[in-house]
Amino acid sequence: MSLQKQATWALSALFALSLLVLFWGLDAGRINIYDEGLYGMYGRTLLRYGVYLHAVDIHGDFPSGIVKFSKPPLSVWAVAASLKLLGPSLFALRLPFALASLAVTLLAFAFGRLLEPGPRGVWLGFAWGVAWLISYGTYEHGRTATIEPMLLACVMAALYAYDRAQASPG
């Protein structure tokens, strides 16, 4: 089998497994009151009050008191966009974080291909992607509204871009 066919097969299989693990039953289960409740509330208040640079509470004020929110706004923006497109639902709340976990899976595959040229790199990337997908942390936290999947996706994308830039001539 040619290298291109191996890479296509491995990436397709990894993508199919990702869809199954990350998106099947995404709207099922209970809401995690603290993280998912906060992201849902801040996403909805962003849409309601139109404040985009920081999170606001249900009154449109900067959060203070017992519940404070000091995270970067990307996750709130993603939740707000998802809620606006799909309507308020558990699926819409969790979708941006599952997509970030999918990005981590695909970046793991890309890193394998980058670090080991040829067929070994295809299967190294496939193995890394599968290892990420079947880990407890991915299933438990990569599918819920917590900042970690987006943070990891951004860090991995930056590391991948850095490595690609270092390898390019000039």
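A few points about this structure:
- Ser64 in a loop (DSSP other than H, G, I, E, B), polar (S, T, N, Q) and more than 16 Å from Gly37 (Cα to Cα): yes
- Pairs meeting the criteria (first residue in segment 71-94 and among the basic types (Lys, Arg), second residue assigned to a helix (DSSP H, G or I), beta carbons under 7 Å, at least 6 apart or on different chains) are Lys84/Leu47.
- Segment 20-36 - residue that is modelled with pLDDT of 90 or more and small (Gly, Ala, Ser) and, of those, farthest from the chain's Cα centre (by Cα): Ala28
- Candidate set from segment 27-41 (those that are assigned to a loop (DSSP other than H, G, I, E, B) and of a type in the set (Gly, Ala, Ser)); member that is nearest to Gly87 (Cα to Cα): Ala28
Results for (1) more than 25 Å from Ala108 (Cβ to Cβ); (2) touching a Phe, Trp or Tyr at 6+ places or on another chain (Cβ under 9 Å); (3) outside any helix (DSSP H, G or I), shown as yes or no for each residue.
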{"site": "Gln4", "(1), (2), (3)": "no, no, no"}
{"site": "Ala10", "(1), (2), (3)": "no, yes, no"}
{"site": "Leu17", "(1), (2), (3)": "no, no, no"}
{"site": "Leu20", "(1), (2), (3)": "no, no, no"}
{"site": "Gly25", "(1), (2), (3)": "no, no, yes"}
{"site": "Gly43", "(1), (2), (3)": "yes, yes, no"}
{"site": "Leu46", "(1), (2), (3)": "yes, yes, no"}
{"site": "Tyr52", "(1), (2), (3)": "yes, yes, yes"}
{"site": "Asp57", "(1), (2), (3)": "yes, yes, yes"}
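- Some residue of segment 129-151 being at pLDDT 95 or above, surrounded by 12 or more Cβ atoms within 10 Å (Cβ to Cβ) and under 25 Å from Ser2 (Cβ atoms): yes
- Segment 26-73 - residue that is in contact with a Lys or Arg (Cβ under 8 Å, 6 or more places away or on another chain) and not acidic (Asp, Glu) and, of those, surrounded by the fewest Cβ atoms within 10 Å (Cβ to Cβ): Gly60
- Qualifying residue in segment 113-125 (condition: within 30 Å of Leu14 (Cα to Cα), touching an Asp or Glu at 6+ places or on another chain (Cβ under 7 Å) and not basic (Lys, Arg)): yes
- Residue that is farthest from the chain's Cα centre (by Cα) [pool: residues in segment 94-128 that are crowded, with 21+ Cβ neighbours inside 10 Å and among the aromatic types (Phe, Trp, Tyr)]: Phe126
- Of the residues examined, Phe91 is one that is open to solvent by 20 Å² or more (accessible area, probe 1.4 Å) and assigned to a helix (DSSP H, G or I).
The values are calculated or read from the model by the stated rules, or taken from the named source; none is laboratory data. In this text, all values refer to a predicted model and were calculated from it rather than measured experimentally. Heads up, the Cβs are rebuilt from the backbone with ideal geometry, glycines too, and the neighbour counts pull from every protein chain shown. Accessible surface is based on the protein model in full, side chains and every heavy atom, while ligands, DNA and RNA are left aside. Shrake-Rupley method; radii C 1.70, N 1.55, O 1.52, S 1.80 Å.
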